[in-house]
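Written out below as structure tokens is the structure these notes cover.
Values in this text are rule-based calculations from the coordinates and carry no lab data. All figures in this text were calculated on a predicted structure; none of them were measured in a lab. Positions of Cβ are backbone-derived with ideal geometry, glycine not excepted, and every protein chain shown enters the neighbour counts.
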Amino acid sequence: MNLRAALAELTAGLHGITDTPELDAQVALAHALNQSRTWILSRLDAPLSTPEADSVRQALAKLQSGTPLPYLLGHWEFFGLDFIVTPDVLIPRPETELLIEHALAFLKSRERAHASPLRAADIGAGSGCIAVTLAHHVPSLRVTATDLSLPALEVTKRNAKKHNVAGRVDLVQCDLLPPHPNPLPTASHFNLICANLPYVPSHIVPSLPIFGREPLLALDGGPNGLDIIQRLLKTAPEWLAPRGLILLEIEASLGMQALSLAYDMFSEATIHLHQDLTGKDRLVEIALP
């Protein structure tokens with residue numbers, strides 16, 4: 001078997017399993033052989049040794065059994081950065097980059113007018129892709145990353161170290177936010193609270209292609225998909241600094257319900273609903289006065 005035949009076998013085996021079988025086959029083959037995609041594509045007639053062919057078939061078997069490609073690789077790209085991922089965390093997705101774009105625009109505008117360092121919170125941090133990306137792009141920012149799952153926080157910790165921001169990313173294991181020790185604005189209050197919380201309605205979760213493949217804890221948002229988001233919104237005000245901002249990723253079909261919930265709970269705030277690149281409702285922005 002040569003590389004061309006191995007690539008063809010992988011591609012054929014991934015049809016009906018992934019949306020991009022040709023690309024995923026190239027990535028999986030490169031991973032199995034510990035080479036780059038460019039190296040693979042420039043040597044398609046090169047023969048494979050028996051151990052290499054076995055490695056390719058093992059990778060294919062894992063993908064066909066339901067292992068997502070990022071878990072097989074052990075890493076995945078998000079907002080131009082490479083993140084460690086394990087089955088303990090949700091795989092970072094392009095839709096979440098919309099939250100990052102709005103968060104960075106807010107932080108950089110406030111950074112110029114703010115005397116002290118800014119603080120942000122990433123609630124339900126998972127892989128830490130939000131917390132680490134914000135800390136990477138805003139060098140003066142300190143981020144608190146919370147998660148109910150200790151294994152998930154371990155992945156956040158690894159990614160913070162990988163991208164040299166561990167000194168500015170504080171890890172807290174808790175349900176959303178810990179009890180606040182001081183009701184008055186202090187230096188511990190956040191200028192920004194971000195959250196990509198579980199937001200899929202419980203009855204829809206079993207029908208998802210990723211059901212059983214990614215952690216249920218990161219998917220199930222309760223009967224209406226907004227239960228956990230609603231709990232965060234009840235707690236968030238006591239943690240926010242004046243003129244603070246909340247950014248919430250939501251399930252595309254829940255845009256109007258999420259918007260109505262935000263208006264009910266923050267009558268004096270400026271609230272916007274943003275769409276992702278496919279035109280789907282994806283992000284609720286709540287700006288406090």
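Looking only at trypsin sites (Lys or Arg not before Pro) in DSSP loops with at most 15 other Cβ atoms within 10 Å, what is the longest site-free stretch of the chain? Don't jump to the answer; show the numbers that get you there.
Working: sites that count: R43, R213, K280.
It runs 44-212.
Just to be sure I understand the rule: take each whole DSSP H helix in the chain, project its Cα atoms onto its long axis, keep it if the span is 20 Å or more and its mean Kyte-Doolittle hydropathy is at least 0.0. Which ones pass? The partial results should precede the final answer.
Values: long enough: 50-64 (21 Å, -0.55); 97-113 (25 Å, 0.03).
What comes out of the filter, once short or polar helices are dropped, is 97-113.
Can you tell which of L226, A131, H203 lies farthest toward the positive end of the dipole of segment 90-287, using +1 and -1 charges on the Cβ of basic and acidic side chains (Lys, Arg; Asp, Glu)?
Farthest towards the positive pole: A131.
Of the GluC sites (Glu not before Pro) in segment 169-270, which ones lie in a loop per DSSP and count no more than 14 other C-beta atoms within 10 Å? Write down the numbers at each step before the final one.
Numbers: sites: E238, E249, E251, E268; in loops: E251, E268.
Answer in residue order: E268.
Please report H272, H136 as a ranked list, fewest other C-beta atoms within 10 angstrom at the top and most at the bottom. Before the final figure, lay out each step's value.
Details: H272 12, H136 19.
In increasing order of surrounding Cβ atoms, one gets H272, H136.
Among T133, T86, which comes first, second and so on when ranked by fewest other beta-carbon atoms within 10 Å? Walk me through the numbers on the way to the answer.
Details: T133 27, T86 16.
Ranking T133, T86 by Cβ neighbours within 10 Å, fewest first, gives T86, T133.
From the list [x] 19.7, 62; [y] 20.7, 75; [z] 21.0, 69, can you say which value of Rg and Dmax of the Cα atoms in Å was derived from the structure given?
Working out Rg and Dmax of the Cα atoms in Å from the coordinates points to [z].
Treat every Asp and Glu Cβ in the chain as -1 and every Lys and Arg Cβ as +1, leave all other atoms uncharged, and give the resulting dipole magnitude about the Cα centre to the nearest 20 debye.
Details: 22 positive and 30 negative charges, 155 e Å.
Here the size comes out at about 740 debye.
Suppose every K and R has +1 on its Cβ and every D and E has -1 on its Cβ; what is the size of the dipole of segment 105-260 about the Cα centre, in Debye to the nearest 20? Write down the numbers at each step before the final one.
Values: 14 positive and 12 negative charges, 138 e Å.
It works out to roughly 660 debye.
What is the list of residues in segment 44-79 whose amide nitrogen lies under 18 Å from a point 7 angstrom out from the Cα of L277, following Cα to Cβ?
76-79
Under a plain spin-label model, where a point goes 7 Å from the Cα along Cα-to-Cβ, how far apart in nm are D54 and D19?
Going from the D54 label point to the D19 one covers 3.6 nm.
Quickly work out the H203-to-S65 label distance, labels modelled 7 Å from Cα along the C-beta direction, and quote it in nm with one decimal.
3.5
Would you mind telling me the antiparallel percentage of the DSSP bridges in the chain, rounded to 5? List each step's numbers first, then the result.
Working: 16 of 38 bridges.
Restricted to the chain, the bridges split so that about 40 percent are antiparallel.
Please arrange D227, D45, D281, D54 by how many other C-beta atoms lie within 10 Å of their C-beta, fewest to most. Could the numbers behind the result be given before it?
Numbers: D227 16, D45 8, D281 19, D54 12.
By the 10 Å Cβ count, ascending: D45, D54, D227, D281.
Return, ordered by residue number, the residues of segment 50-71 whose backbone nitrogen is under 12 Å from a label point located 7 Å along Cα→Cβ of N34.
52
For the chain, what is the calculated [θ] at 222 nm in deg cm²/dmol (nearest 500), taking -39500 (n - 2.57) for each run of four or more DSSP H residues and dividing by its residue count?
Numbers: 10 runs with 109 residues, N = 289.
About -11500 deg cm²/dmol.
For segment 3-67, max minus min Cα coordinate along each principal axis, in Å, sorted largest first?
The Cα atoms of segment 3-67 stretch 28, 21, 17 Å along the principal axes, largest first.
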